[in-house]
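Report on one structure; see the data block that follows.
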Amino acid sequence: MGRSLIREARAGEAETLAAIQRDASVGALAHIFSPELYPFPLEAVRARWAEAVEDPSLTVLVAEVDGAPAALAGCRAEWLDGLYVRPEHWGRGLGRKLHDEVLDRLRASGSPRCQLWVLEGNNRARRFYERLGWRENGDTRVVPFPPNPIDVGYTIDLETTLATL
């Protein structure tokens, strides 16, 4: 991995954020959301990130590698609202670095725990979170995009679990 840095997303970056999520999602989830049957909902995702960047209750972080946006994470009090890494950066520690930054920020703001949703069939992400101390919390929900798979809830205790596991 080249030189990386993490910064807050800026207004006007919704297109870039949506592209990162698209690349990561298509790379990781084609076995769930077959691109031929379920095209990536780019417009809805672009709108999501445009709203998120403008919402003062959310923080959107962008990880850059050699000056190019490569990953993103959204967070708010007690929630990790998505962590997406472009496939060419998988396995290089960038997702972990972004994850740890989110948890450090949440700890600093006084959040005692953090929660997230992950697709039931996203085994790569589930292994990633479980290695870092996240545990299933018993919550599930139906994803609003066809074929409407199940999201599984995870929680991590920020008061006893350090990001430096």
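The values are calculated or read from the model by the stated rules, or taken from the named source; none is laboratory data. Quantities reported herein were computed from a predicted structural model and do not represent experimental measurements. Here Cβ is always computed from backbone atoms with ideal geometry, including for glycine, and neighbour counts include all displayed protein chains. Surface areas here come from the heavy atoms of the whole protein model, side chains and all, with no ligands, DNA or RNA. Shrake-Rupley method; radii C 1.70, N 1.55, O 1.52, S 1.80 Å.
At-a-glance table
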{"item": "Where GLU54 falls short, out of the listed (1) open to solvent by less than 50 Å² (accessible area, probe 1.4 Å); (2) at negative phi", "result": "(1)"}
{"item": "Every residue from the stretch 109-133 that is surrounded by 18 or more Cβ atoms within 10 Å (Cβ to Cβ) and over 14 Å from the mean Cα position of the chain (by Cα)", "result": "SER111"}
{"item": "Matching residues in the stretch 139-160 - criterion: being among the β-branched types (Val, Ile, Thr), surrounded by 12 or more Cβ atoms within 10 Å (Cβ to Cβ) and part of a loop (DSSP other than H, G, I, E, B)", "result": "VAL143"}
{"item": "Sole exception among (1) open to solvent by less than 50 Å² (accessible area, probe 1.4 Å); (2) at pLDDT 95 or above for PRO41, by number", "result": "(2)"}
{"item": "ALA68 vs. criteria hydrophobic (A, V, I, L, M, F, W, C), modelled with pLDDT under 95 and farther than 30 Å from THR160 by Cβ", "result": "no"}
{"item": "Some residue of the stretch 93-115 being in a strand (DSSP E or B), of a type outside the set (D, E, K, R), within 21 Å of HIS31 (Cβ to Cβ) and in contact with a Phe, Trp or Tyr (Cβ under 9 Å, 6 or more places away or on another chain)", "result": "no"}
{"item": "One residue from ALA47, ALA18 being in a helix (DSSP H, G or I), open to solvent by 40 Å² or more (accessible area, probe 1.4 Å), in contact (Cβ under 8 Å) with a residue 24 or more places away in the chain and hydrophobic (A, V, I, L, M, F, W, C)", "result": "ALA47"}
{"item": "Which listed residue, of ILE32, ILE6, is in contact (Cβ under 8 Å) with a residue 40 or more places away in the chain, closer than 29 Å to LEU158 by Cα and either hydroxyl-bearing (Ser, Thr, Tyr) or not in a helix (DSSP H, G or I) (or both)", "result": "ILE6"}
{"item": "Subset tally (residues that are surrounded by fewer than 17 Cβ atoms within 10 Å (Cβ to Cβ) and under 10 Å from SER4 (Cβ atoms)) for the stretch 57-66", "result": "2"}
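Conditions (1) at pLDDT 95 or above; (2) farther than 17 Å from ARG124 by Cβ; (3) within 17 Å of the chain's Cα centre (by Cα), marked per residue:
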residue: ARG3; (1), (2), (3): no, yes, no
residue: ARG7; (1), (2), (3): yes, yes, yes
residue: GLU13; (1), (2), (3): yes, yes, yes
residue: LEU37; (1), (2), (3): no, yes, no
residue: CYS75; (1), (2), (3): yes, yes, yes
residue: GLU78; (1), (2), (3): yes, yes, yes
residue: TYR84; (1), (2), (3): yes, no, yes
